[in-house]
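A short reminder: the numbers here are calculations on the coordinates, not readings from a lab. Keep in mind it's a predicted model, so treat the numbers as computed, not measured. Heads up, the Cβs are rebuilt from the backbone with ideal geometry, glycines too, and the neighbour counts pull from every protein chain shown.
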Amino acid sequence: MKNLLLVALVVSTVTGCSQMGVKPWERDILAREDMALQSDPMDAAFDDHIYFSKEASSGGQSFGGGGCGCN
Amino acid sequence: MNKFNKIAGLLTTATGSLLATSATQANEATEEWDVDVAVLVYSEPDRVSALEPAISAKKTYDDESVLNLKLVLDSLTGASHNGATATDSAQTFTRPSGNGSYSAQTNETPLDDTFRDTRVSFSAGYEMPVDRLNRVIFGANVSNEYDFFSMSGSATWLKDINQRNTTLSAGVSVEYDTIKPVGGFADPLSEMLGNDQASNKEDTTDNRVMSELLLGITQVVDRNTLMQFNYGFALSDGYHNDPYKIISVVDDTTGETVAPTTSTLAGRYLYENRPDTRNKQSLYGKVKRFVSGDVVDVSYRYMWDDWDVVSHTLDFRYRFNLTNNQYIEPHVRYYSQQAAEFYRHSITESEANTQSYGDYLSADYRLGDMIGTTLGLKWGFVTPGGHKSSVRLEYYQQTGDSNPDDAIGIQQSQNLYPDVDAYIFQYNYEF
């Protein structure tokens, strides 16, 4: 069931993506630093390490490894 | 607006567009190092405290390749729940090193107060264009602490399609960890011995290899909106136990910790045992939207694994751009976790004697049913010298089932999953 949902999500996303977007001269807002997908990489790395150490989940946006968490 | 201003506006827009060559690239080539220094203070009252200074440097070359270097130090001290439950009498435990002991008072959650470590982590990333529409990012990380060493490498391919409104990515990563616990490895599910007894631990090292795959799509929706979807798969093989965690064995009727069979301690505690493989998958989605000068950032992660851990993570940030040089960003994160199938707060004596609990067992609260809530506020500003800075303060709380239905006898009046509170402070300075 999970795999079916995954396939459906990917297919619908790829299909839907071709209908979206902007022209090259309409990227002024998207080029802003605060519109970067990861606008605060330092914060994100700290958070990933904290939550990796305190919870049983990791990863998602980036690779999830990197530490012991033995505490 | 006169004609000249209109043309100037269009030129500004076009310049910005040309500099941003894809949905995810925003920085122009500078050939100079951009340095970001930060310090993070993490504090759980009465438990763990950490001080983490970090420095990262980034250089963008004329050919649009980008080099990232980062060094993090992490100094940890304090106390950590060892897995045993609170009970109606004082308890004594042997320190991981085997030298000395520590205690928990009546009705007190047992905390191992000898936790102390320093981590040094160095990472490097290099992003390079392959051609006009393709890029590749290589990453490497080395991390060392007293009882743990980790190194990893990754490679990610990014391809822009659909007039660069869509970026497809595929990445692989391999991590190799070496574990060398203080005091050595105890046999899984063996009893914790008294510090006056000959150690039953083996002073050696063990390993773990984790391979990851991350597939993603980043999509420009409209002039103000960007979204990202990822699928992650991770296979981990090797030693997964927390060598310092134990589990209490309690009386089937009274719920009191029972006497050991071989140990000179007053109570019977078994070292935990986890499977030697773990297979994790995740789905991740993120939307960023520019709203009247502000930025909304919402993400959701669904993660599941073959230990039966299932989690939902919802993250929301709203950046109020007060001026061009100042912003305030509230942050809310909600995390919900279903316990690993082998998580138990304790086991009964008859289960311990017949080993009817199964092959695996852990009372590590981080594998239990849990809700984690984070509330935070960040203030970003530009210093009089023209450098970007920010201050962040967050509060994190973990809560679980403190009075579970399967509590026995005196356990019903004990807190079997105490809340964990943490305060996080961070300062960033860029130059």
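Things to note:
- Calculated FRET value between B:THR277 and B:ILE371, using beta carbons and R₀ = 22 Å, to 0.05: 0.20
- Net charge dipole size for chain B [Lys, Arg +1 and Asp, Glu -1 on Cβ; Debye, nearest 20]: 2400 debye
- In loop segments of segment B:136-168 as defined by DSSP, the chymotrypsin sites (Phe, Trp or Tyr not before Pro) with at most 16 further C-beta atoms inside 10 Å of their C-beta are B:TYR146.
- Leading residue at positive end of dipole, chain B (Cβ point charges), from B:LEU377, B:SER173, B:SER101: B:LEU377
- Take every pair of alpha-carbon atoms less than 8 Å apart whose residues are at least six positions apart; their mean separation over the length of chain B yields a relative contact order of 13 percent.
- Percent of Cα-Cα distances greater than 30 Å, calculated over chain B: 53 percent
- Note on B:LEU71 and B:PHE320: the model spin-label points, each 7 Å out from Cα along the C-beta direction, lie 3.9 nm apart.
- Where GluC sites (Glu not before Pro) in DSSP loops with at most 11 other Cβ within 10 Å are excluded, longest remaining stretch of chain B: B:33-431
- The simple spin-label model puts a point 7 Å past each Cα toward its Cβ; for B:GLU64 and B:ALA155 those points are separated by 2.1 nm.
- Residues of type lysines that B:LYS70 reaches as a straight line, Cα spacing below 19 Å, ignoring anything fewer than 8 places off in the same chain: B:LYS58, B:LYS59, B:LYS388
- FRET efficiency estimate (nearest 0.05) - Cβ-Cβ, B:TYR423 to B:VAL296, R0 22 angstrom: 0.30
- Förster radius 22 Å - calculated FRET efficiency between B:ALA266 and B:ALA198 (Cβ-Cβ, nearest 0.05): 0.70
- Loop-located trypsin sites (Lys or Arg not before Pro) in segment B:154-232, at most 10 other Cβ atoms within 10 Å (DSSP): none
- Think of it as helices only: each DSSP H run of n ≥ 4 in the protein assembly as shown is worth -39500 (n - 2.57), and spread over all residues that comes to -3500 deg cm²/dmol at 222 nm.
- Ranking B:ASN200, B:ASN273, B:SER49 by Cα position along the charge dipole of segment B:3-430, where only Lys, Arg, Asp and Glu carry charges on their C-beta atoms, puts B:SER49 farthest toward the positive end.
- Extension reserve of the B:TRP379-B:ASP406 stretch, reckoned as 0.36 nm per residue once the Cα distance is removed: 5.2 nm
- For B:SER362, neighbours were defined as the other residues whose beta-carbon sits under 13 Å from its Cβ, and their charges (Lys and Arg +1, Asp and Glu -1) total -1.
- Contour minus Cα-Cα distance for B:TYR126 and B:ALA57 (0.36 nm per residue): 23.7 nm
- Using only side-chain charges placed at the Cβ, +1 for Lys and Arg and -1 for Asp and Glu, the dipole size of the protein assembly as shown relative to its Cα centre rounds to 2380 debye.
- Spin-label model distance (nm) - B:LEU133 vs B:LEU213, 7 Å beyond Cα toward Cβ: 2.4 nm
- Residues listed by number, segment B:247-270, amide nitrogen under 17 Å from B:SER356 label point at 7 Å toward C-beta: B:249-255
- About its Cα centre, segment B:72-216 has a charge dipole of approximately 800 debye under the convention of +1 per Lys or Arg Cβ and -1 per Asp or Glu Cβ, with nothing else charged.
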